[in-house]
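What follows is a set of notes on a single structure, which appears directly below.
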Amino acid sequence: MMALEIKGQAIPNIPWQDRPQGCDHVMWRYSANPVIPRDLLPTSNSIFNSAVVPYGRDGWEFAGVFRVDDTNRRMRIHPGFSHDGINWHIDKSDVVLTGADPEIAAWEYGYDPRVAHIDDRYWVTWCNGYHGPTIGVAWTEDFRTFHQLENAFLPYNRNGVLFPRKINGRYAMLSRPSDTGHTAFGDIFYSESPDMEFWGHHRHVMAPARFEESAWQCMKIGAGPVPIETSEGWLLLYHGVLRSCNGYVYAFGSALLDLDRPWEVIARSAPYLISPREIYELTGDVPNVTFPCAALVDAPTGRMAVYYGCADTVTGMAFAKVDELVDWTRRNSLV
């Protein structure tokens, strides 16, 4: 087998911790989890389900957009910066959105952001409140001012995740159509746009698995971090949900999508990568949740650092090697 090629940049200072001695898992948790506590800000009830990217400007090495639920329990998104990807300085104020039509710009709520660096802009997608949840879109150059576009889709939709480059000349996004409540269903779909405003060419990607084949993802699924381009396909981390006798359980796994036709699934993991196990994943505002929203990858070494929400309360980190993860996904595939 030829060596795996990873498309992306070098991140020599990527957060990293070697696999613990005796651990045979393809992904392992950071020993100092959680990396972001719930009360990092004076008014934060919880900080979780957030997105980070390499930044390398203004004296910082990393930047991001963070879900911060305040002590009024309002869902907000805040910018943040870090020197090492572990210790974060999150602004006390919400992101500054500008430029949108007043009707779209009227803020209801926002949560679960993702960030993709495309064409020298940092594009942010998030679950935006507009007569129900839909996908908000904005771009920024400095993580201070965010230029808001039209919402990508009609309500109801969640988990809008952009690909890190155009595909066949168009911007591309994964999403999960839903309903207005705590959706008890959900498939992943693919959509394209020539301009980040008008979206079409919708294609079905993946449905929940059969309970008998992979119970952790049998009720609903949704895209996680921005997909990672490799010579074997797009490596996608995604969350899945099991309806247990004690409520919903959120875990996450991996899939490989075709490079040119990303709605075609090459491989998809039957086992999960991370599922609630540690106390900070089991206990919180919403128990039994591990929810990935961001992944940093150092292309030369293949090191990956994944940021994931824990129990809808704090933020954790896990590590993997991209080549090992691609191989594991293929060897443990449902497809």
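Mind jotting down the distance between the C-alpha centroids of region 168-236 and region 288-309, whole Å?
Measuring centre to centre over Cα atoms gives 18 Å.
For region 73-206, state what percent of all Cα-Cα pairs lands in each successive 5 Å bin, counting from 0 Å until the bin that includes the largest distance.
Whole-percent P(r) values from 0 Å outward: 2, 10, 19, 24, 20, 14, 9, 2, 0.
Given a 1.4 Å probe and every protein chain left where it sits, what share in percent of the accessible area of region 182-319 is carbon and sulfur?
Values: 2500 of 4680 Å².
Carbon plus sulfur share of accessible area: 53 percent.
When the accessible area of region 59-169 is split by element with a 1.4 Å probe, what percent falls to carbon and sulfur?
Percent of accessible area from carbon and sulfur atoms in region 59-169: 46.
Can you give the extra length, in nm with one decimal, that the chain gains between N13 and D58 once fully stretched, where that is 0.36 nm per residue apart less the Cα-Cα distance?
Values: separation 45, 0.36 × 45 = 16.20 nm, distance 1.65 nm.
So the extension gain works out to 14.5 nm.
How long are the semi-axes of the ellipsoid equivalent to region 21-149, from square roots of 5 times the Cα gyration tensor eigenvalues, in whole Å, largest first?
26, 18, 15
Go through (i) 147; (ii) 241; (iii) 130 and flag the label whose value is the computed volume of the Cα convex hull per residue in Å³ for this structure.
(iii)
Semi-axes of region 63-131's equivalent ellipsoid from the Cα gyration tensor, sqrt of 5 times each eigenvalue, largest first, rounded to whole Å? Don't jump to the answer; show the numbers that get you there.
Values: eigenvalues 89, 58, 19 Å².
With the √(5λ) rule applied to region 63-131, the semi-axes are 21, 17, 10 Å.
For region 99-161, what number results from the quotient of the Cα radius of gyration and 2.2 N^0.38 Å?
1.04
What order do you get for 99-108, 77-86 when each peptide is scored by the mean count of other beta carbon atoms within 10 Å, highest first?
77-86, 99-108
Given Cα pairs under 8 Å that are at least 6 residues apart, what percent is the relative contact order of the chain?
Reported relative contact order: 18 percent.
Dividing the convex hull volume of the Cα atoms of region 140-245 by its residue count, what figure in Å³ per residue is obtained?
137
Please give, to one decimal in nm, the separation of the simple spin-label points placed at R203 and E278, each 7 Å out from Cα toward the Cβ.
Once both label points are built, they end up 3.7 nm from each other.
Could you pull the accessible area for R277 with a 1.4 Å probe, rounded to 10 Å²?
Accessible surface of R277 is approximately 130 Å².
Can you list the trypsin sites (Lys or Arg not before Pro) in region 149-249 that are in a DSSP coil and have 16 or fewer other beta carbons within 10 angstrom?
When the trypsin sites (Lys or Arg not before Pro) of region 149-249 are filtered for loop state and at most 16 Cβ neighbours within 10 Å, R165, K166, R210 remain.
Mean separation of Cα pairs under 8 Å and 6+ residues apart, divided by the residue count of region 138-180: what relative contact order is that in percent?
Once divided by the residue count of region 138-180, the mean separation gives 33 percent.
Do you know the relative contact order of region 289-335, to the nearest whole percent, from alpha carbon pairs under 8 angstrom that are 6+ apart? Write down the numbers at each step before the final one.
Details: 62 pairs, mean separation 13.7, N = 47.
RCO, region 289-335: 29 percent.
Would you report the distance distribution of C-alpha pairs in region 71-111 as whole percents per 5 angstrom bin, up to the bin with the largest distance?
So the P(r) values, bin by bin, are 5, 18, 22, 21, 16, 11, 5, 2.
Please work out the Kirkwood hydrodynamic radius for region 3-44, using every pair of different C-alpha atoms, and report it in angstroms with one decimal place.
The answer is 14.0 Å.
Tell me the mean residue ellipticity at 222 nm calculated for the chain from its helices only (DSSP H runs of n ≥ 4, each -39500 (n - 2.57), averaged over every residue, nearest 500).
-1000 deg cm²/dmol
How fast does region 161-307 diffuse by Stokes-Einstein, in µm²/s, taking the Kirkwood radius from C-alpha pairs at 37 °C and 0.692 mPa s? If you can, show how the numbers build up before the last one.
Details: Rh = 16.0 Å.
The estimated diffusion coefficient comes to 205 µm²/s.
The values are calculated or read from the model by the stated rules, or taken from the named source; none is laboratory data. Quick caveat: nothing in here was measured; it's all calculated off a predicted structure. Glycine also receives a Cβ, built like all others from the backbone with ideal geometry; neighbour counts cover every protein chain displayed. Just the protein is used for accessible areas: all its heavy atoms, side chains included, with ligands, DNA and RNA removed. Shrake-Rupley method; radii C 1.70, N 1.55, O 1.52, S 1.80 Å.
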